[in-house]
Amino acid sequence: MVWNNGKIKDTVITYIGGGSRGWAWTFMTDLALDDEISGEVRLYDIDEEAAAVNATIGNHLMARDEAKGSWRFEVKSTLQEALTGCDFVVISILPGTFDEMESDVHLPERLGIWQSVGDTAGPGGMIRAIRTIPMFVEIAKAIETYAPEAWVINYTNPMSLCVKALYETFPGIKAFGCCHEVFGTQKVLQEIYEKETGERIADWHDVIVNVIGINHFTWFTEASYGGIDLFPVYQSFIEKHFDEGIRLDSENWLNANFICAHRVKMDLFRRFGLIAAAGDRHLAEFMPGSEYLKDPATAASWDFTLTSVKWRKEDLKERLARAGRLSSGEEEMALTPTGEEGILLIKALCGLSRFVSNVNIPNRALQIPNLPSDAVVETNAVFTRDHIRPIDAGPVPEQIRALLMPHIENHALTWRAAAACDRNLLVRAFMNDPLVKGHDCTETDVRLLIDDMIANTKAFLPSGWERP
């Protein structure tokens, strides 16, 4: 990187998963809208053709008159080529295909286990993890060899285990995980405040929160705007509107598979006194299966959707078609801010600003002092030039800690299971999972389910998972 008149030039960003039809386009848009930083984006993907399509899209985007950014996009065929000399690494991959994800999400339904997302907690999250972890071990080793000083930003789920795999493999790595779920809850508080007071909050970033927990199961212990405590405002709204919840104007564009009425988080507030800070589809999967995910009718009664993989497959067809239109110039990408913070974090790490955001990193600084130091936790952190300093979030209340600990224990068990290809450890993790426990499954049932789920994802697993 080179400073020039207060701007950063010749920055090299390596994008692993560069053929993405989602996050890559989001990232390109934000790069095109910013003129304080410029350079090269190297796209690496096992689907090199998809990466080449994105290179065409990105270069076309930067050539548009209204684009402020100056970036060139190039495809790289190996991790060595992609990583050598880079300043930042962005990881956004789909571990496997939607066929494997279909098994992750839907096969447990034979035991009455329903999952609304299936990529983080529950059986789906754990099986996704055992095929994702070897990929992240390979990536971490390559970063240690070719770009040990680069900052690494992960967007892939299961977030906690992906970040854990990076640090377990390369303890000196400078990595963190980014997730936008917290932003959504700040927007919920913004809209509730506006409805309750009649006053407007111009920017949801002005809702100041203390974040505590683990990815997709985060909580606010504090929330304020303009010096006003938002907890009483939130409680007042819930008392009047719990039955119908709230649907955000900012979410009207979302597909019905993703929107919710935020009633699960409202119920968790009534039960535990803190503001649950993730989407209802994610929150439900961390709670006992007898509660919000007892069956599809129960989920519907809480006004959130079970996102089927069949829908994801249909959506992929449209994304592929759109990729063709974007690369040919038939369709132009809208140059509007995406609301993601990746480029802001990169700029802060370059020294262009000081920024505070929620990140997923190991609890080494004991930012949550009553959780294990090797747990990957999500709290706020301060980003400055070449530093991330986690903010002391304080101890998590004991009743919330009791909800978090089974999942933190399962992160450790799943990591060990993936590293050793150990089915017994995976069985222990399944049996410890609240979603599974909430359905009173026997160990025999769980073992058979694990055998079948492993068989369905064996193409992406090390040979050690094969039965002797």
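Return yes when V396 is within 27 Å of T221 (Cβ to Cβ) and β-branched (V, I, T) and no when it is not.
Details: within 27 Å of T221 (Cβ to Cβ): yes; β-branched (V, I, T): yes.
Yes; evaluated as a whole, the condition is true for this residue.
Kindly indicate which of T336, T414, T384 is of a type in the set (S, T, Y), farther than 30 Å from D87 by Cβ and touching a residue at least 24 places away in the same chain (Cβ under 8 Å). Give the derivation first.
Values: T336 fails: farther than 30 Å from D87 by Cβ; T384 fails: farther than 30 Å from D87 by Cβ.
After applying the criteria, what remains is T414.
Would you mind finding the one in F430, F460 that is surrounded by fewer than 21 Cβ atoms within 10 Å (Cβ to Cβ), closer than 20 Å to S103 by Cα and not polar (S, T, N, Q)?
On the way: F430 fails: surrounded by fewer than 21 Cβ atoms within 10 Å (Cβ to Cβ).
It is F460.
Considering only region 201-238, how many residues are of a type in the set (A, V, I, L, M) and either within 27 Å of S116 (Cα to Cα) or in contact with a Cys (Cβ under 7 Å, 6 or more places away or on another chain) (or both)? Write out each step before concluding.
Going through region 201-238, the residues of a type in the set (A, V, I, L, M) turn out to be 201-202, 207-209, 211-212, 214, 223, 228, 230, 233, 238.
Now restrict to residues that are either within 27 Å of S116 (Cα to Cα) or in contact with a Cys (Cβ under 7 Å, 6 or more places away or on another chain) (or both): 209, 211-212, 214, 238.
Matching residues across region 201-238 total 5.
Take the residues of region 440-457 that are over 25 Å from the mean Cα position of the chain (by Cα) and buried (at least 20 other Cβ atoms within 10 Å of the Cβ): which is farthest from I130 (Cα to Cα)? Steps first, please.
If we filter region 440-457 for residues that are over 25 Å from the mean Cα position of the chain (by Cα), which is where we start, we get 440-449, 451-452, 455.
Still in the running and buried (at least 20 other Cβ atoms within 10 Å of the Cβ): 441, 446, 449.
Values: C441: 21, V446: 16, L449: 15 Å.
Of everything passing the filter in region 440-457, C441 is farthest from I130 (Cα to Cα).
Mind checking which residues of region 223-232 are exposed (fewer than 15 other Cβ atoms within 10 Å of the Cβ) and either part of a helix (DSSP H, G or I) or in contact (Cβ under 8 Å) with a residue 60 or more places away in the chain (or both)? Working first, answer last.
Our first condition is that a residue be exposed (fewer than 15 other Cβ atoms within 10 Å of the Cβ); within region 223-232, this holds for 226-229, 232.
Within region 223-232, P232 is the sole residue that qualifies.
Tell me whether region 216-229 contains one or more residues that are aromatic (F, W, Y), at pLDDT below 95 and farther than 25 Å from N370 by Cβ. Let's see the steps before the verdict.
Kept after step one, since they are aromatic (F, W, Y), are these residues of region 216-229: 217, 219-220, 225.
Those left that are additionally at pLDDT below 95: none.
No, the conditions are met nowhere in region 216-229.
Could you count how many residues in region 188-199 are buried (at least 19 other Cβ atoms within 10 Å of the Cβ) and either under 24 Å from S160 (Cβ atoms) or over 21 Å from the mean Cα position of the chain (by Cα) (or both)?
So the answer is 5.
In region 59-116, what count of residues is obtained for those that are farther than 30 Å from D35 by Cα, exposed (fewer than 15 other Cβ atoms within 10 Å of the Cβ) and of a type in the set (V, I, T)?
Counting residues in region 59-116 that are farther than 30 Å from D35 by Cα, exposed (fewer than 15 other Cβ atoms within 10 Å of the Cβ) and of a type in the set (V, I, T) gives 1.
Residues are listed down the side, and each one gets a yes or a no for (1) under 26 Å from D280 (Cβ atoms); (2) touching a strand residue (DSSP E or B) at 6+ places or on another chain (Cβ under 7 Å):
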position	(1), (2)
Q80	no, no
L83	no, yes
D87	no, yes
P95	yes, no
G112	yes, no
Q115	yes, no
P123	yes, no
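Filter region 335-350 down to the residues that are of a type in the set (G, A, S) and at pLDDT below 95, then identify the one that is farthest from G394 (Cα to Cα). Step through it out loud before you land on a result.
The first filter runs over region 335-350 and keeps only residues of a type in the set (G, A, S), leaving 339, 342, 348.
Those still in the list that are at pLDDT below 95 too: 339, 342.
Numbers: G339: 28, G342: 26 Å.
Selected residue: G339.
Can you tell me which residue in region 382-395 is surrounded by the fewest Cβ atoms within 10 Å (Cβ to Cβ), limited to those that are in contact with a strand residue (DSSP E or B) (Cβ under 7 Å, 6 or more places away or on another chain) and part of a strand (DSSP E or B)? Walk me through it before giving the result.
So in region 382-395, the residues in contact with a strand residue (DSSP E or B) (Cβ under 7 Å, 6 or more places away or on another chain) come out as 382-383, 388-391, 393-394.
With part of a strand (DSSP E or B) added as a condition, the list becomes 382-383, 388-390.
Details: V382: 14, F383: 24, I388: 18, R389: 11, P390: 20.
Result: R389.
If I ask for residues that are assigned to a loop (DSSP other than H, G, I, E, B), of a type in the set (A, V, I, L, M, F, W, C) and on the phi < 0 side of the Ramachandran plot, which ones from region 334-381 would you list? Talk me through it step by step, then tell me what you get.
First, pick out the residues of region 334-381 that are assigned to a loop (DSSP other than H, G, I, E, B): 334-341, 351-354, 363-375.
When the remaining residues are screened for being of a type in the set (A, V, I, L, M, F, W, C), the result is 334-335, 352, 365-366, 368, 371, 375.
Once the filter is applied, which keeps residues that are assigned to a loop (DSSP other than H, G, I, E, B), of a type in the set (A, V, I, L, M, F, W, C) and on the phi < 0 side of the Ramachandran plot, region 334-381 yields A334, L335, L352, A365, I368, L371, A375.
Would you call A299 surrounded by 14 or more Cβ atoms within 10 Å (Cβ to Cβ), under 22 Å from F242 (Cα atoms), in contact (Cβ under 8 Å) with a residue 60 or more places away in the chain and not charged (D, E, K, R)?
yes
Filter region 302-320 down to residues that are farther than 17 Å from V105 by Cβ and of a type in the set (D, E) and give me whichever is surrounded by the most Cβ atoms within 10 Å (Cβ to Cβ).
First, the residues of region 302-320 that are farther than 17 Å from V105 by Cβ: 302-303, 317-320.
From what's left, of a type in the set (D, E): 303, 318.
On the way: D303: 17, E318: 10.
Out of the qualifying residues, it is D303.
Touching a His at 6+ places or on another chain (Cβ under 7 Å) and acidic (D, E), is that true of E181?
Numbers: touching a His at 6+ places or on another chain (Cβ under 7 Å): yes; acidic (D, E): yes.
The answer is yes for E181.
Looking at the structure I just gave you, is K9 modelled with pLDDT under 95, over 26 Å from the mean Cα position of the chain (by Cα) and either outside any strand (DSSP E or B) or surrounded by 21 or more Cβ atoms within 10 Å (Cβ to Cβ) (or both)?
On the way: modelled with pLDDT under 95: yes; over 26 Å from the mean Cα position of the chain (by Cα): yes; either outside any strand (DSSP E or B) or surrounded by 21 or more Cβ atoms within 10 Å (Cβ to Cβ) (or both): no.
Considered against the rule, which asks whether it is modelled with pLDDT under 95, over 26 Å from the mean Cα position of the chain (by Cα) and either outside any strand (DSSP E or B) or surrounded by 21 or more Cβ atoms within 10 Å (Cβ to Cβ) (or both), K9 comes out as no.
F27 versus (1) of a type in the set (F, W, Y); (2) modelled with pLDDT of 95 or more; (3) within 27 Å of V163 (Cα to Cα): which is the lone unmet condition?
Here F27 meets the rest and fails (2).
Any idea which residue in region 79-98 is nearest to G19 (Cα to Cα), counting only those that are in contact (Cβ under 8 Å) with a residue 24 or more places away in the chain and not hydrophobic (A, V, I, L, M, F, W, C)? So that I can check it myself, show each step before the final result.
Here is the first cut: in region 79-98, the ones in contact (Cβ under 8 Å) with a residue 24 or more places away in the chain are 79-96, 98.
Retained after the next criterion (residues that are not hydrophobic (A, V, I, L, M, F, W, C)): 80-81, 84-85, 87, 92, 95-96.
Numbers: Q80: 18, E81: 16, T84: 20, G85: 21, D87: 20, S92: 9, P95: 13, G96: 14 Å.
The qualifying residue nearest to G19 (Cα to Cα) is S92.
Which residue is nearest to L371 (Cα to Cα), if the candidates are limited to region 184-215 and must be in contact with a Phe, Trp or Tyr (Cβ under 9 Å, 6 or more places away or on another chain) and of a type in the set (S, T, Y)?
Restricting to residues being in contact with a Phe, Trp or Tyr (Cβ under 9 Å, 6 or more places away or on another chain) and of a type in the set (S, T, Y), the top hit is T185.
The values are calculated or read from the model by the stated rules, or taken from the named source; none is laboratory data. Small disclaimer: the values here were computed from a predicted structure and weren't measured. Cβ coordinates were reconstructed from backbone atoms using ideal geometry, including for glycine residues, and neighbour counts include every protein chain displayed.
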